Structure formats: structure tokens, C-alpha cells
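Quick notes on the structure that follows.
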Amino acid sequence: MPDRVMRVETVAGIQARTSSSRLPRKVLADLAGKTLIERVVERVRRADLVDEVVVLTSTDESDDELALLLEARRIPVRRGSLGDVLWRYGALLEEFEPRFVVRVTGDCPLVEPDFIDLQLGALCALDGDFVQVASVDPAPIEGTLGGQAALSARALRQALASDDPRDREHAGSFFFRAHPERFRHVEIEVDRRYHQKGLRLSVDEAADLALVRRIYEVFGNRPFSTLEALAWLEAAPEVRSLNGAVRESADNQALRALSRARPVKTVGTWP
């Protein structure tokens, strides 16, 4: 890790490893000529309000190939504990001293840059800690809005003290949901096209990868929005159904249940 502090307003950390249990090496999978992790980096870099983008991987030898790839592509990479993802984000606070952090999971190659900017604009305007998407049924599509989260550095610092072992892997997510009263939530509304039942765009299993590969085959290397991809999927039901049998992990289900049990109060709406 660099010795000097490089102060920025916002740093995005993309958590990634090659030892995923359901689909090992998925972050190195090819998507129209580039690896999945490179596609995630590309999209996060398109967010206007993000100053630095860093991939956070582990010091385990299983991630050596990933680290070498990123270094060869001149993508900043930091390495830390394999099991303690929260520590990796904490190290970003020490290095960059940001006001805000964007947490991105490295298996979501359709994260939306405009949504990242919407979150950061809301947090900055209302001095918030988290963004709460206005309640609409169904929930936003997993892997679009759910693959990223902007939060304040002060909130992340609180989570570093969590004694729940699940928070080490999930970067404080259980702590945040268990103690919503400690944080300032800002409510925002998003385009209703993001709310579609039964569609997921994160990559957890081979069927997920098959679906996002079809999207990148169509859109290739030009910048495209998630909404463009969703419109294309609407006209391609055979592709949309490719991963219909995939289910979210038990931890993600537990997080959803905790969110329902502990509703948040907002300090305002944006914009």
C-alpha cells in the first residue's frame, strides 16, 4: 500500500477475487474481448463524481493472476485479507481520506454510472450516509442498482468496529441494516424500468454469465447504459430467461429480511 495519503472526495472500491464458490474465476471471464472485471472498471470510471477507482483483491496466491492482469492494464489494485473484505475498504479510508466511498461488487458488469452519480449527489447535498431507493414493488434488479452502494466514510468507519463475522465478508452490510437509526438516509427515486421482477444481472453462476455475454455481444465496446440493455432484453425473452433458475445467496436473503425488519427514516429526498 502507498505510504502517502492522497486525499480525494470520492473513491470507488471494486471488490473482486477469483475463488468464488459458485463460479470460480468469473471476474476473469471474457466479455466481448475484455475480462468481466475490466468491464466493471470501465463502467465505474464513467461516473463523473468518482475521483479514483481501485480494485480490491486479496493477497492469496489464487488472486495473483488477477492482480497481474490489473497491473498490466494500469488499473489500480490493492491487496488485503481474503476473508476480510471490510478491512480492504477500511484501508481505502487510510490511503485516500475520502468523504464518500462507493462499494462495487466485481461480479456486476452492468452497474450504472449515472446511478452512482445520483447517489453521490444526494449524499453530498444532504450530508447523508446512505441512499434509500423509494419503495416500489418489485425491488430494483439485482446487478444494476444492487451491485453498487455509495456511503459516507463516517458510516464505514463505524462498521469497522462490528463484531458480526458476516460483516468482514460483506463489508459492514449487516451492521448497517441492524443499526439504521445511526445513519442519515436520503431517499431517491429511480426510473421504474429498473424495477423488474425475476431479472438479475449480477454474475453468480454460469447461466448469469451466459446472459451478460449476450448483452456484450450486442453492445460490444461502445459505452451503453443499463437501460439500453434492459430495453434490448425486453425484446429478447429467450435471453432474459437464461438465468431464471438462479437464486440469490443465503446471506443476501438474510440481508433483505433484515432490511424489511428494520425500516429506515430518511432525512430528505433528492433531487
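Which of the following residues is surrounded by 13 or more Cβ atoms within 10 Å (Cβ to Cβ), among the acidic types (Asp, Glu) and within 17 Å of ASP137 (Cβ to Cβ): GLU205, GLU228, GLU187?
Values: GLU205 fails: within 17 Å of ASP137 (Cβ to Cβ); GLU228 fails: within 17 Å of ASP137 (Cβ to Cβ).
Selected residue: GLU187, the only one of GLU205, GLU228, GLU187 that is surrounded by 13 or more Cβ atoms within 10 Å (Cβ to Cβ), among the acidic types (Asp, Glu) and within 17 Å of ASP137 (Cβ to Cβ).
Filter the stretch 43-66 down to the residues that are over 19 Å from PRO109 (Cβ atoms) and assigned to a helix (DSSP H, G or I), then identify the one that is farthest from the chain's Cα centre (by Cα). Don't jump to the end; show me each part of the working.
So the first thing to find is which residues in the stretch 43-66 are over 19 Å from PRO109 (Cβ atoms), and the list is 48-49, 51-52, 58-62, 64.
Those left that are additionally assigned to a helix (DSSP H, G or I): 61-62, 64.
Details: GLU61: 24, SER62: 22, ASP64: 22 Å.
This residue is GLU61.
Cβ contacts < 6 Å: first residue within 22 Å of ARG43 (Cβ to Cβ), restricted to the stretch 75-86; second residue modelled with pLDDT of 95 or more and part of a helix (DSSP H, G or I), any location; separation 6+ or different chain. Result?
Qualifying pairs under 6 Å: ILE75/VAL41; VAL77/ALA67; VAL77/LEU70.
Do we have TRP270 as surrounded by fewer than 20 Cβ atoms within 10 Å (Cβ to Cβ), of a type in the set (Phe, Trp, Tyr) and modelled with pLDDT under 95 here?
yes
If you check PHE100 against the conditions, is it in contact with a Cys (Cβ under 9 Å, 6 or more places away or on another chain) and either surrounded by 24 or more Cβ atoms within 10 Å (Cβ to Cβ) or more than 25 Å from LYS26 (Cβ to Cβ) (or both)?
Values: in contact with a Cys (Cβ under 9 Å, 6 or more places away or on another chain): yes; either surrounded by 24 or more Cβ atoms within 10 Å (Cβ to Cβ) or more than 25 Å from LYS26 (Cβ to Cβ) (or both): yes.
Criteria met by PHE100.
Which residue is nearest to the chain's Cα centre (by Cα), if the candidates are limited to the stretch 184-227 and must be within 30 Å of THR269 (Cα to Cα) and aliphatic (A, V, I, L, M)? Show your work before the answer.
Taking the stretch 184-227 as the starting set, the residues that turn out to be within 30 Å of THR269 (Cα to Cα) are 184-202, 223-227.
Then keep just the ones that are aliphatic (A, V, I, L, M); that gives 186, 188, 190, 199, 201, 227.
Details: VAL186: 18, ILE188: 18, VAL190: 17, LEU199: 17, LEU201: 12, LEU227: 17 Å.
Among them, the one singled out is LEU201.
Please work out which residue is surrounded by the fewest Cβ atoms within 10 Å (Cβ to Cβ), limiting yourself to the stretch 232-253 and to residues that are in contact (Cβ under 8 Å) with a residue 12 or more places away in the chain and among the small types (Gly, Ala, Ser).
Out of the qualifying residues, it is ALA245.
Tell me which of these ALA149 doesn't satisfy, since it passes every other one: (1) crowded, with 23+ Cβ neighbours inside 10 Å; (2) touching a strand residue (DSSP E or B) at 6+ places or on another chain (Cβ under 6 Å).
Looking at each condition in turn, ALA149 falls short on (1).
Could you count how many residues in the stretch 16-39 are in contact with a Ser or Thr (Cβ under 8 Å, 6 or more places away or on another chain) and of a type in the set (Val, Ile, Thr)?
2
Looking at the stretch 226-242, can you tell me whether even one residue there is assigned to a loop (DSSP other than H, G, I, E, B), small (Gly, Ala, Ser) and closer than 19 Å to GLY33 by Cα? Spell out the reasoning first.
Filtering the stretch 226-242 down to residues assigned to a loop (DSSP other than H, G, I, E, B) leaves 235-236, 241-242.
After this cut, where a residue has to be small (Gly, Ala, Ser) as well, the list is 235-236, 241.
If we keep only those that are closer than 19 Å to GLY33 by Cα as well, we get none.
No, the stretch 226-242 contains no residue that is assigned to a loop (DSSP other than H, G, I, E, B), small (Gly, Ala, Ser) and closer than 19 Å to GLY33 by Cα.
Filter the stretch 255-267 for residues that are without any contact (Cβ under 8 Å) to a residue 60 or more places away in the chain and of a type in the set (A, V, I, L, M, F, W, C); which is surrounded by the most Cβ atoms within 10 Å (Cβ to Cβ)?
Here the residue is ALA257.
Identify the residue in the stretch 187-221 that is among the acidic types (Asp, Glu) and over 19 Å from ARG39 (Cβ atoms) and, among all such residues, is modelled with the highest pLDDT.
Pass one, the stretch 187-221, residues among the acidic types (Asp, Glu): 187, 189, 191, 204-205, 208, 217.
Imposing the further condition that a residue be over 19 Å from ARG39 (Cβ atoms) reduces the set to 187, 189, 191.
On the way: GLU187: 95, GLU189: 90, ASP191: 90.
Checked the stretch 187-221; the qualifying residue modelled with the highest pLDDT is GLU187.
What number of residues in the stretch 166-178 are surrounded by fewer than 18 Cβ atoms within 10 Å (Cβ to Cβ) and free of Cβ contacts under 8 Å to residues at least 24 places away in the same chain?
Number satisfying all stated conditions: 0.
Report, by residue number, each residue of the stretch 187-216 that is in contact with a strand residue (DSSP E or B) (Cβ under 9 Å, 6 or more places away or on another chain) and in a helix (DSSP H, G or I).
Listed by number, the residues that qualify are TYR194, ASP208, LEU209, LEU211, VAL212, ARG213, ILE215, TYR216.
Which one is farthest from ALA12 (Cα to Cα), of the residues in the stretch 51-105 that are among the polar types (S, T, N, Q) and touching a helix residue (DSSP H, G or I) at 6+ places or on another chain (Cβ under 6 Å)? Spell out the reasoning first.
Taking the stretch 51-105 as the starting set, the residues that turn out to be among the polar types (S, T, N, Q) are 57-59, 62, 81, 105.
Filter again for touching a helix residue (DSSP H, G or I) at 6+ places or on another chain (Cβ under 6 Å), leaving 57, 81.
Values: THR57: 13, SER81: 18 Å.
Ranking the qualifying residues of the stretch 51-105, first place goes to SER81.
Starting from residues that are among the aliphatic types (A, V, I, L, M) and within 8 Å of the chain's Cα centre (by Cα), keep the ones in the stretch 104-118 and report whichever is surrounded by the fewest Cβ atoms within 10 Å (Cβ to Cβ). Even if it seems obvious, please write down each step before you answer.
Taking the stretch 104-118 and keeping what is among the aliphatic types (A, V, I, L, M), we get 104, 110-111, 116, 118.
Narrowing further to those that are within 8 Å of the chain's Cα centre (by Cα): 104, 111.
Values: VAL104: 26, VAL111: 29.
The qualifying residue surrounded by the fewest Cβ atoms within 10 Å (Cβ to Cβ) is VAL104.
The values are calculated or read from the model by the stated rules, or taken from the named source; none is laboratory data. Treat the numbers as computed from the prediction; the structure is a model and nothing was measured. We place every Cβ from the backbone using ideal geometry, glycine too, and count neighbours over all the protein chains shown.
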